[in-house]
1. Estimate the FRET efficiency between Lys189 and Thr145 by the formula 1/(1 + (r/R0)^6), using the beta-carbon distance for r and 30 Å for R0, to the nearest 0.05.
2. If we sort 153-162, 166-175 on the protection proxy, mean other Cβ atoms within 10 Å, highest first, what's the order?
3. According to a simple spin-label model (label point 7 Å from Cα along Cα-to-Cβ), what is the distance in nm between Ser99 and Thr198?
4. Which shape class, rounded, prolate or oblate, goes with region 34-171 when its Cα gyration tensor gives a ≥ b ≥ c as root eigenvalues, a/c under 1.5 marks rounded, and past that a/b bigger than b/c marks prolate?
5. Positive end of the dipole of region 94-219, charges at C-beta (+1 Lys, Arg; -1 Asp, Glu), about the Cα centre: which of Gly167, Leu153, His212 has its Cα farthest in that direction?
6. If I model a spin label as a point 7 Å beyond the Cα along the Cα-Cβ vector, how far apart are those points for Arg137 and Asp162 in nm?
7. Percent of accessible area on region 86-219 owned by carbon and sulfur, 1.4 Å probe?
8. Simple spin-label model, 7 Å along Cα-to-Cβ: Ile46 to Thr114 in nm?
Amino acid sequence: MAEREQAKPLAPAAFQIRSDEDENMPAPAKSHRRNCIKCCGCITAIFLILATTIVVLVLTVFQVEDPVIRMNNVSVQRLEFANGTLRADVNVTLVADVSVKNPNAATFKFNNGTTTVYCGGMVVGEANTPPGKAKARRTLHMNVTVDLIPSKLLAVPGLMSDILSVGKLNVSSNTVIGGKVRILQIIKKYIVVRVNCTMTYNFASQAIQGGHCKPHLSI
């Protein structure tokens, strides 16, 4: 029994020997070990900061939102009649105030677009929209002029009878603008925005009534 009781302290003694070895470690080795731990901690912290920054940028700055095109106001000019019908020698001019709202944190640069005007489902006029730039989180306004061809208007079934009896002209338009958003010269998105509008021109008040626009987007 005495021999067994004397053997019990061996484990603590062995542990004490390993502890003595750590304490007897040379100072340069201890300093190197501390430096390694600090270096690993710094690298881990940097990676965490970078990861957090990238996630925030992807969810905010790098997130490309849809530009919004609106047809704010439309006026009809040179709509003239002779002998109870539309004059065929004078083009009817439709002038639209079109706005391009850019909600992104980078400029939306767009090329020439097209605006097509329909009446009774038939194309009666078409024009090009000028190129431009909508600055970050700004709205760009531009005027689009479309010449409506009288011969095409007169070819619309029942158009003249509706104009003379009701005093209103129902038209619709389709505007297509394509461009790109480039963020920090790294992320580049090509966007094509389409907006369809329907409106009614009242000859008595010479104003547009019931204008409604519906945008479509493809990336």
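1. Working: r = 30 Å, r/R0 = 0.99.
Computed FRET efficiency for Lys189 and Thr145 comes out at 0.50.
2. Working: 153-162: 14.4, 166-175: 17.8.
Averaged packing, sorted descending, gives the order 166-175, 153-162.
3. 2.4 nm
4. Working: a/c = 5.47, a/b = 4.63, b/c = 1.18.
Prolate.
5. His212
6. Modelled inter-label distance: 4.4 nm.
7. The computed percentage sits at 50.
8. Once both label points are built, they end up 5.4 nm from each other.
The values are calculated or read from the model by the stated rules, or taken from the named source; none is laboratory data. Here the structure is a predicted model, which means the values were calculated and not measured. Every residue, glycine among them, receives a Cβ derived from its backbone with ideal geometry; neighbour counts consider all protein chains shown. Please note that ligands, DNA and RNA were not included when accessible areas were found on the heavy atoms of the full protein model with its side chains. Shrake-Rupley method; radii C 1.70, N 1.55, O 1.52, S 1.80 Å.
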